Amino acid sequence: MARPNPGASVDDILSRQGPPNARTSMGSETLEGLTTEGSTPVQAAVVVGDLRMSSLLLKEAVRPSLFARYLVGFTEAVHGLANDFGGWFDKFTGDGFIAFWLYRSEDEVIASVPGFCQAILPTAESLVMNLKKNSRNFPVGVGLSIGIDSGPCELVRVGDSVTLLGSPIVGATRMVSGAHAGQALVNVGLGAAFETHRESLEAIGAQLERRVIATKEYPLGQEAYELEFATTSKRTREPTPSSAE
């Protein structure tokens, strides 16, 4: 494992990438591991977002530069919302994002991740409306799909940032690959935990339904949970950058 870059302190990294209470919420062992070893084991919930039909939208963009600025604005909104809900923005993937939440109990995941998903979906709808105005042709099925998973991971310091490694990233990516635009799918392990907290989900207008979905690894289908929202979050963010015309 490469040693951490001494030019950036852990405090600097946390203030840029994590939520406002990142240092106090991580715990001394996690901070010590990042500082001295450059990595540390954690429990994390991972949310992967993917903008469906993005390659066609870029192809059909009237102004590619405006397409890019809208995506930058959306990425900034995702980063802000992840922090608002106590999470970390990991990376922009070109047509989506990876965000994660460090936790000690699954109650912390229930209290944060569904609310983030509820807020990010209408933010993505605003992005889609802006992209539509910039398109020569607009295909059916454009929108944000979401995949969610959780479990043991390694939090790794890379230069002046941190990233996450572990099977939940694979699980969340698998879920997002089986989700259509506007749909949030939860891997069955975390979904079972969600199911025991239905009252907490219903309190924010969320419903949970068990599904069978086809994925790349399991083309005949695998079990998952769909997280649906009957109400819109009040904690959304505008994805349009101020520089967009």
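General remarks:
- Some residue of the stretch 187-199 being among the charged types (D, E, K, R) and within 30 Å of Pro64 (Cα to Cα): no
- One residue from Ile120, Ile98 being outside any strand (DSSP E or B), among the aliphatic types (A, V, I, L, M) and either over 16 Å from the mean Cα position of the chain (by Cα) or crowded, with 21+ Cβ neighbours inside 10 Å (or both): Ile120
- Subset of the stretch 194-219 that is buried (at least 17 other Cβ atoms within 10 Å of the Cβ) and of a type in the set (A, V, I, L, M, F, W, C) - its residue that is nearest to Gly151 (Cα to Cα): Phe194
- Residue pairs meeting the criteria (Cβ under 6 Å; at least 6 apart or on separate chains; first closer than 19 Å to Lys91 by Cα, in the stretch 15-35; second in a loop (DSSP other than H, G, I, E, B)): Pro19/Gly86
- The requirement of being assigned to a helix (DSSP H, G or I) and farther than 22 Å from Asp107 by Cβ is fulfilled somewhere in the stretch 20-32, by at least one residue.
- Options Thr30, Thr40, Thr24, Thr36: the member that is surrounded by 20 or more Cβ atoms within 10 Å (Cβ to Cβ) and over 17 Å from the mean Cα position of the chain (by Cα): Thr40
- One residue stands out in the stretch 33-80 among those that are small (Gly, Ala, Ser) and assigned to a helix (DSSP H, G or I): the one that is nearest to Leu102 (Cα to Cα), namely Gly33.
- Residue match in the stretch 46-67 (condition: under 20 Å from Gly171 (Cβ atoms), at pLDDT 85 or above, in contact with a His (Cβ under 6 Å, 6 or more places away or on another chain) and surrounded by 14 or more Cβ atoms within 10 Å (Cβ to Cβ)): no
- Subset of the stretch 123-138 [under 20 Å from the mean Cα position of the chain (by Cα) and farther than 15 Å from Gly87 by Cβ]: Ala124, Glu125, Ser126, Leu127, Val128
- In the stretch 139-245, counting only helices (runs of 4 or more DSSP H) that sit wholly within it, the ones holding 2 or more residues that are modelled with pLDDT of 90 or more and within 15 Å of the chain's Cα centre (by Cα) span 167-178.
The values are calculated or read from the model by the stated rules, or taken from the named source; none is laboratory data. Worth saying up front: this structure is predicted, and the values here are computed from it rather than measured. Don't worry about glycine lacking a Cβ; one is built from the backbone with ideal geometry, like all the others, and counts go over all protein chains shown.
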